[in-house]
1. Scan region 64-87 and give yes if some residue there is surrounded by fewer than 17 Cβ atoms within 10 Å (Cβ to Cβ), at positive phi and in contact with a helix residue (DSSP H, G or I) (Cβ under 8 Å, 6 or more places away or on another chain), otherwise no.
2. Looking only at region 42-96, which residues are in contact (Cβ under 8 Å) with a residue 12 or more places away in the chain, closer than 20 Å to Met17 by Cβ and aliphatic (A, V, I, L, M)?
3. Suppose we keep only residues that are in contact (Cβ under 8 Å) with a residue 24 or more places away in the chain and surrounded by 16 or more Cβ atoms within 10 Å (Cβ to Cβ) within region 28-41. Which one would you say is nearest to Asn105 (Cα to Cα)?
4. Name the single residue that is surrounded by the fewest Cβ atoms within 10 Å (Cβ to Cβ) among those in region 1-27 being among the hydrophobic types (A, V, I, L, M, F, W, C) and closer than 18 Å to Gln59 by Cα.
5. What's the total number of residues in region 18-27 that are touching a helix residue (DSSP H, G or I) at 6+ places or on another chain (Cβ under 8 Å) and either under 19 Å from Asp81 (Cβ atoms) or without any contact (Cβ under 8 Å) to a residue 24 or more places away in the chain (or both)?
6. Among the residues of region 97-119, which ones are in contact (Cβ under 8 Å) with a residue 40 or more places away in the chain and basic (Lys, Arg)?
7. Output yes when any residue across region 49-66 is among the acidic types (Asp, Glu) and either at pLDDT 95 or above or outside any loop (DSSP other than H, G, I, E, B) (or both), and no when none is.
8. Tell me which residues, restricted to region 3-26, are part of a helix (DSSP H, G or I) and hydroxyl-bearing (Ser, Thr, Tyr).
Amino acid sequence: MQAVAKLNGVPMSARKMRLVVDNIRGKKVDEALNICRFTKKEAAVWLEKLIRSAVANWQIKAGGAESADEYGLYISTAFVDGGTIMKRFRPAPHGRAHRIRKRTNHVTIIVENSVALAEEAGAEAEA
């Protein structure tokens, strides 16, 4: 079973966010949370909250499973897309203006279990 968590409009460039997302892709949830906790980048704070949200979504989807630790959750998919760009201007010499691009991004994380749920095992046995 999969659960999705999305975070839209993060005020940071997609390139900076991808540095941390590339480190957690394919890892177990506990390991990914530890990586985010000890990474000294602002993106890690955003990702830690997003991973916790994905795990909570998985627990709700699993019918209120007691603990997600028993099912071996891992991050099956994680990607970052560029968001909208706010364009601002800063004064420059000789009466000119330089454009500043304030970038945003959208992050999507999909969490999947490696150990089958009791409901899934029952459905496979019936089939």
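The values are calculated or read from the model by the stated rules, or taken from the named source; none is laboratory data. Note that the coordinates shown come from a computational prediction; the quantities given were computed from them, not determined experimentally. Virtual Cβ from ideal backbone geometry, glycine too; neighbours counted across all protein chains shown.
1. Residues of region 64-87 surrounded by fewer than 17 Cβ atoms within 10 Å (Cβ to Cβ): 64, 66-67, 69-70, 72, 76-77, 79, 81-82, 84-87.
From the residues that got through so far, the ones that are at positive phi too are 64, 72.
Now drop any that are not in contact with a helix residue (DSSP H, G or I) (Cβ under 8 Å, 6 or more places away or on another chain), which leaves none.
No, the conditions are met nowhere in region 64-87.
2. Scanning region 42-96 gives Ala43, Ala44, Leu47, Leu50, Ile51, Ala54, Val55, Ile75, Ala78, Val80, Ile85, Met86.
3. Within region 28-41, the subset in contact (Cβ under 8 Å) with a residue 24 or more places away in the chain is 28-30, 32, 41.
Applying the additional criterion that residues be surrounded by 16 or more Cβ atoms within 10 Å (Cβ to Cβ) yields 29, 32.
Details: Val29: 22, Ala32: 20 Å.
Going through the qualifying residues, I end up with Ala32.
4. Of the residues in region 1-27, the ones among the hydrophobic types (A, V, I, L, M, F, W, C) are 1, 3-5, 7, 10, 12, 14, 17, 19-21, 24.
Now restrict to residues that are closer than 18 Å to Gln59 by Cα: 1, 3-5.
Values: Met1: 16, Ala3: 21, Val4: 14, Ala5: 20.
Step by step, filter region 1-27, then rank; the result is Val4.
5. Residues of region 18-27 touching a helix residue (DSSP H, G or I) at 6+ places or on another chain (Cβ under 8 Å): 19-21, 23-24, 27.
Now restrict to residues that are either under 19 Å from Asp81 (Cβ atoms) or without any contact (Cβ under 8 Å) to a residue 24 or more places away in the chain (or both): 19-21, 23-24.
Number satisfying all stated conditions: 5.
6. Hits for region 97-119 are Lys102, Arg103.
7. Taking region 49-66 and keeping what is among the acidic types (Asp, Glu), we get 66.
Filter once more, so that each one left must be either at pLDDT 95 or above or outside any loop (DSSP other than H, G, I, E, B) (or both): none.
Scanning region 49-66, I find no residue that is among the acidic types (Asp, Glu) and either at pLDDT 95 or above or outside any loop (DSSP other than H, G, I, E, B) (or both), so the answer is no.
8. First pass over region 3-26, keeping only residues part of a helix (DSSP H, G or I): 14-24.
Listed by number, the list is empty, since nothing qualifies.
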